[in-house]
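Asks: Please see the structure below; I have some questions.
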Amino acid sequence: MLFGGGRILVAAVGAVVLVVVAIYVVRSVGLPSPKSHQVTSVPTAQTGTSASDAANPSDGGMPSGQGGDGGDGSSSGDGSGGSGGSTDGSSTDESTTDESKTEEPFTATTEKVSGFLGTVLADVELPQVTGGNPDVAGVFNDEMKSALNTQADSITGGKLEGRPGSGVRIGERVLSGVLRTSAVDVTKATSRALVSTVVIDAESGSVITLSSLFNDLTEGLQQLAKEAKTLGPSSSAAESFDTTKVQPTEEMFTHWSAETDGMRVFFEQGTVAPNAAGIVEVTVPWDNLTDVMKSGVAQIVSS
């Protein structure tokens, strides 16, 4: 009986030992330590996903580089991409629009005048300008029309016909027009050459007259007469040019145009040469008039 009790005791002890061993094994193999749990609980893919979202957000508006906080792209950042570049495009368009508003240059043209001017039947291509400053163009065109009317008023009846040589010189600062016509007496079958000129400051629109050119009109006319006497014999009138007929008066030098190389003077038919010579022209170099001209005027009329 004692032997049987010992066996039971041994079996019980063995069972306890097995239970203890089993518990130890289970704890060693199946339960991770707190340190191992901390390492495995951080998903390694999370860092990669965050970096991808920052560079390529799912809502597509964020520029790369320094921008906003991953918004919808409506705010501009320092980076390129998204809608941030739309502001620069608008600025470029505005600049282009402003440049397109540049004033057009003056252009020489003509206006056909056909019909009666008082008692005179006119058939003339009248020099005009378009473009440029409309106010200045208006002054020039009106002055040319006035010159044509003055020619028509200078004759009684008959016809006023255009002749070669009319036109406009457009300089940087000056508009200079010449109107050449013939006054035809149909009853006598004769004609007389006429000329009129207009000179305008292309910036201010002021009419440039002899008084506008010279510091002292008398001294200016005297210098013009002196130069004309020297140049006359080399004109189209040649030997028939009568220097004694040249007088320092406004009437004699009233018709002139502003050329780059000088002041082109038109002497009316029959004034300094026989009628057969027609209108006689001489061009006085601006350099020969510098001493009697107003400061800065030479730069305007020679432009």
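Asks: Please go through region 168-184 and give me each residue that is farther than 16 Å from residue 258 by Cβ and of a type in the set (Ser, Thr, Tyr), ordered by number. Lay out the reasoning, then the answer.
Replies: If we filter region 168-184 for residues that are farther than 16 Å from residue 258 by Cβ, which is where we start, we get 180-184.
Result: 181, 182.
Asks: Where residues in region 273-303 are touching a residue at least 12 places away in the same chain (Cβ under 8 Å) and in a loop (DSSP other than H, G, I, E, B), which of them is nearest to the chain's Cα centre (by Cα)?
Replies: 303
Asks: So, one more: Scan region 231-251 and report the pairs whose first residue is within 12 Å of residue 282 (Cα to Cα) and whose second residue is among the polar types (S, T, N, Q) and surrounded by fewer than 16 Cβ atoms within 10 Å (Cβ to Cβ), with Cβ atoms within less than 7 Å and a gap of 6+ or a chain change.
Replies: Pairs found: 232/243.
Asks: Quick one: how many residues across region 184-205 are farther than 14 Å from residue 255 by Cα, surrounded by 15 or more Cβ atoms within 10 Å (Cβ to Cβ) and touching a residue at least 40 places away in the same chain (Cβ under 8 Å)?
Replies: Adding up the residues that qualify gives 4.
Asks: Can you tell me which residues in region 248-263 are surrounded by fewer than 18 Cβ atoms within 10 Å (Cβ to Cβ) and under 10 Å from residue 228 (Cβ atoms)?
Replies: Matches in region 248-263: 248 only.
Asks: Show the residue pairs meeting these rules: Cβ distance below 8 Å; 6+ apart or different chains; first residue within region 131-143 and under 15 Å from residue 104 (Cα atoms); second residue aliphatic (A, V, I, L, M) and in a helix (DSSP H, G or I).
Replies: Sorted first by the residue in region 131-143, then by its partner, the pairs are 131/137.
Asks: Out of the strands (runs of 3 or more DSSP E) lying entirely within region 102-205, which hold 1 or more residues that are touching a His at 6+ places or on another chain (Cβ under 7 Å) and within 30 Å of residue 298 (Cβ to Cβ)?
Replies: In region 102-205, 190-201 are the strands (runs of 3 or more DSSP E) which contain 1 or more residues that are touching a His at 6+ places or on another chain (Cβ under 7 Å) and within 30 Å of residue 298 (Cβ to Cβ).
Asks: Could I ask something else about it? Scan region 261-299 residue by residue and report those that are of a type in the set (Gly, Ala, Ser) and closer than 18 Å to residue 173 by Cα.
Replies: Scanning region 261-299 gives 262, 295, 296, 298.
Asks: Counting just the residues of region 97-130 that are charged (D, E, K, R) and at pLDDT below 95, which one comes out farthest from the chain's Cα centre (by Cα)? It would help to see each step written out before you state the result.
Replies: Within region 97-130, the subset charged (D, E, K, R) is 98-99, 101, 103-104, 111-112, 123, 125.
After this cut, where a residue has to be at pLDDT below 95 as well, the list is 98-99, 101, 103-104.
Values: 98: 9, 99: 6, 101: 7, 103: 5, 104: 7 Å.
The extreme case among them is 98.
Asks: Checking the structure you have, find out if any residue of region 219-231 is touching a strand residue (DSSP E or B) at 6+ places or on another chain (Cβ under 8 Å), in a loop (DSSP other than H, G, I, E, B) and under 20 Å from residue 298 (Cβ atoms).
Replies: no
Asks: Now, a different point. Right, residue 269: over 22 Å from residue 207 (Cα atoms), surrounded by 13 or more Cβ atoms within 10 Å (Cβ to Cβ) and without any contact (Cβ under 8 Å) to a residue 24 or more places away in the chain or not?
Replies: In short, no.
Asks: If you go through region 254-270 one residue at a time, do you hit one that is over 30 Å from residue 142 (Cα atoms), modelled with pLDDT of 95 or more and assigned to a loop (DSSP other than H, G, I, E, B)?
Replies: no
The values are calculated or read from the model by the stated rules, or taken from the named source; none is laboratory data. On a predicted model such as this, the values are computed, not experimentally measured, just so you know. A quick note on method: Cβ atoms are made from the backbone with ideal geometry, for glycine too, and the neighbour counts reach across all protein chains shown.
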